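No value in this document is a laboratory result; all are computed from the given coordinates. Owing to the predicted nature of the structure, the values given are computational and were not obtained by experimental measurement. We place every Cβ from the backbone using ideal geometry, glycine too, and count neighbours over all the protein chains shown.
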Amino acid sequence: MATIVIAGASRGIGFTLAKLYAEAGDRVYALCRNPAGADALNALASFSEGRVTVGKADFGDGASIDKFAEELGDAPVDLLLNVGGIFIGETGPEDRNFDGWRESFEVMCIGPFRMVQALLPNLERARGKALTVSSQLAASPWPYGGMYSYSAAKAGLNRVMRALSIDVKERGISVCTVHPGYVQTDMGGPEADITALESASGIHDVAAKMNLDNSGTFWKWNGEVHPW
Ligand SMILES: NC(=O)c1ccc[n+]([C@@H]2O[C@H](COP(=O)([O-])OP(=O)(O)OC[C@H]3O[C@@H](n4cnc5c(N)ncnc54)[C@H](OP(=O)(O)O)[C@@H]3O)[C@@H](O)[C@H]2O)c1
């Protein structure tokens, strides 16, 4: 039984990952911004015979991340999955929503870094893995304009995680990012290419094949390496 921490688990890909790992018999810490209102997660926990714990962590609130790490104590963590994200779409080059830029970086670049940082001792104890959900919009070959703050935050995230992968390799920790596909969730919408279950199953398999040799890789959900 592996210990899995999932941040951003209230719905979409994160919730589906929590369900997958719980059904596989793993010990799951499913984190979200509002545990009391996370009905689906709480229902999952109630049928899990104590294997799923619903906890609080908000990528935009470092204190909540530190508090979770404190609650976890010295428990080894085999896998940290940073999944949560937000999409703030700009209307065009004149858009001045710089609060949206700041929020995008807080939630999708700084928050996942803080999460890995807070759990470094736990990951080290298990020679564990940290996998963060990024996006194909982080990659230079992405051929479209717009979506400035989202793609910049995800590109920054990729660079941060690659740097971390180098810095923590000697401590036995693998660090990667993954594009989850274009997924039918609240963010992707109903016309997207794949279901949340297809995406989560792919991410599950990517996490399984992560190791110190391929640490730093930006993956696609189907196990291919994403050009970047
Ligand atoms: N869907 C796609 O096509 C697609 C494509 C590329 C990348 N992605 C990435 O995949 C990840 C999951 O997206 P999704 O499609 O599952 O979206 P979703 O259904 O809209 O779910 C977003 C999740 O992120 C959580 N979240 C939002 N702000 C957060 C914060 N400050 N701290 C922690 N969690 C927060 C939400 O929690 P609340 O319930 O509290 O709001 C929710 O659980 C995101 O990183 C997204 O950028 C998605």
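For the stretch 71-78, does any single residue satisfy the condition of being over 14 Å from the mean Cα position of the chain (by Cα), surrounded by 17 or more Cβ atoms within 10 Å (Cβ to Cβ) and free of Cβ contacts under 8 Å to residues at least 60 places away in the same chain? No: the stretch 71-78 contains no residue that is over 14 Å from the mean Cα position of the chain (by Cα), surrounded by 17 or more Cβ atoms within 10 Å (Cβ to Cβ) and free of Cβ contacts under 8 Å to residues at least 60 places away in the same chain. Of all residues in the stretch 84-107 being assigned to a loop (DSSP other than H, G, I, E, B) and near the ligand (Cβ under 9 Å from one of its atoms), which is nearest to the chain's Cα centre (by Cα)? Applying the filter and picking the extreme gives GLY84. Going through the stretch 176-208 one residue at a time, which ones are farther than 14 Å from ASN222 by Cα, surrounded by 17 or more Cβ atoms within 10 Å (Cβ to Cβ) and more than 9 Å from the ligand (Cβ to nearest atom)? Scanning the stretch 176-208 gives a single hit, CYS176.
Within the stretch 92-103, is even one residue touching a helix residue (DSSP H, G or I) at 6+ places or on another chain (Cβ under 7 Å), within 24 Å of TRP221 (Cα to Cα) and not charged (D, E, K, R)? No: zero hits.
Working only within the stretch 108-161, note down all residues that are more than 11 Å from the ligand (Cβ to nearest atom), assigned to a helix (DSSP H, G or I) and without any contact (Cβ under 8 Å) to a residue 24 or more places away in the chain. If the condition is that a residue be more than 11 Å from the ligand (Cβ to nearest atom), assigned to a helix (DSSP H, G or I) and without any contact (Cβ under 8 Å) to a residue 24 or more places away in the chain, then GLN117, ALA155, ARG159 are the ones that fit.
Test GLY14 against the criterion of being part of a helix (DSSP H, G or I), touching a strand residue (DSSP E or B) at 6+ places or on another chain (Cβ under 8 Å) and within 13 Å of the ligand (Cβ to nearest atom), and give yes or no. The answer is yes for GLY14.
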